[in-house]
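Report on the structure given below.
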Amino acid sequence: MIGNIISTLLPVFLIAGAGAAYGRFRTPDIRSLNTLNMELFVPLLVFAVLADRQAPLADYAWLASAAVAVVLGSGVVLWPVARWLGLDIKTFLPPMMFNNSGNMGVPLLVLAFGEAALPAAVVVFIVEMLLHFSVGLYMLDPRTSLWRLLRMPIVAASLAGLAINVSGLPLPVWLLEAMNMLGGVCIPLMLFALGVRLLDIDFSDWRTGLLGAVLCPLSGLLIALPLIVLLPLNSLQAAVLLVFGALPPAVLNYLVAEQYRLAPQKVASIVLIGNLGSLVVMPLTLAAAFIWLHAPL
């Protein structure tokens, strides 16, 4: 088991470390890379996974519902805690709810559980992204338009992939293969960009960051664990949900806070320290996930 955990985490942190090392000596246009990833490579991967008739999406309905509960439930659980501690809700709560299911989650889940976990990893990633760009933006600005969400390439790709899968329309193997190859670029690129992006983040508010590094995975697991027991999830989906609940805050929280001018440096500290905290949290979570995966439900 220890060997599995090490072999899973080492590629994740080595690729992110390569991004950090490259960004330390060069100044790559990471914003353009992220734009290309989110507007082309990620949507192609999402479409290819959802449109593949060999991945019956009905089997993932409970997992998607559980992912919604983890994201929203984390906010419900931590809202009174944030109020009690006198923290700014708009600054502290979104990073606790919207985790790193893209940059870290998808690569980590595929490395941990193999290609069979890719559809489940994409499902929880889509759920987190849709909630981030709907509920999350509404939390920061109630005037946010729904039209902005519908114009996102990942949303269009999700809807198109779902339509293809439900309709039963067969797509040419060569087309799916080309999309899978292009979409596969997004996984290492996510990790590389994560390493570069973390160089821009400082420890100016380390106390809040340390608090978030504890509460983010704790609240996610607090919601995920009873759902694993109560919902009819298979072993692989239960393991995916467990890892999903323990993921650190998404780097995107920092970019959104910067865009809305909501204490971006404080959010940056929460994101950085939370991702560093995953060095401790994720090995323990993966150990529990491997045990669950090989235990009868």
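The values are calculated or read from the model by the stated rules, or taken from the named source; none is laboratory data. All values derive from a computational prediction rather than experimental measurement. Neighbour counts run over all protein chains shown; Cβ positions are idealised from the backbone, glycine included. Side chains are part of the model used for accessible areas, which takes the heavy atoms of the whole protein and leaves out ligands, DNA and RNA. Shrake-Rupley method; radii C 1.70, N 1.55, O 1.52, S 1.80 Å.
Data overview
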quantity: Only listed residue being open to solvent by 10 Å² or more (accessible area, probe 1.4 Å) and touching a strand residue (DSSP E or B) at 6+ places or on another chain (Cβ under 9 Å), chosen from Ala246, Ala213, Ala263; calculated: Ala213
quantity: Residue tally, condition in contact with a Leu (Cβ under 7 Å, 6 or more places away or on another chain) and open to solvent by less than 70 Å² (accessible area, probe 1.4 Å), over the range 82-93; calculated: 3
quantity: When residues of the range 156-179 are limited to those that are open to solvent by 50 Å² or more (accessible area, probe 1.4 Å) and touching a residue at least 40 places away in the same chain (Cβ under 8 Å), the one nearest to Leu40 (Cα to Cα); calculated: Ala156
quantity: Sole exception among (1) more than 23 Å from Ile15 (Cβ to Cβ); (2) in contact with a Cys (Cβ under 9 Å, 6 or more places away or on another chain) for Pro95, by number; calculated: (1)
quantity: Any hit, the range 183-198, residues being among the β-branched types (Val, Ile, Thr), over 30 Å from Asp88 (Cβ atoms) and open to solvent by 10 Å² or more (accessible area, probe 1.4 Å); calculated: yes
quantity: Breaking point among (1) among the hydrophobic types (A, V, I, L, M, F, W, C); (2) touching a residue at least 60 places away in the same chain (Cβ under 8 Å); (3) in a helix (DSSP H, G or I), for Leu225; calculated: (2)
quantity: Verdict on Arg31 being at pLDDT 80 or above, part of a helix (DSSP H, G or I) and open to solvent by 30 Å² or more (accessible area, probe 1.4 Å); calculated: no
quantity: Residues satisfying the stated conditions in the range 113-127, i.e. buried (at least 24 other Cβ atoms within 10 Å of the Cβ) and among the small types (Gly, Ala, Ser); calculated: Ala120, Ala121
quantity: Yes/no for Leu286 being open to solvent by less than 40 Å² (accessible area, probe 1.4 Å), modelled with pLDDT of 80 or more and part of a loop (DSSP other than H, G, I, E, B); calculated: no
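Every residue, every condition in (1) assigned to a helix (DSSP H, G or I); (2) at pLDDT below 85; (3) closer than 16 Å to Pro119 by Cα, yes or no:
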{"residue": "Leu149", "(1), (2), (3)": "yes, yes, no"}
{"residue": "Leu169", "(1), (2), (3)": "no, yes, no"}
{"residue": "Leu176", "(1), (2), (3)": "yes, no, yes"}
{"residue": "Leu182", "(1), (2), (3)": "yes, no, no"}
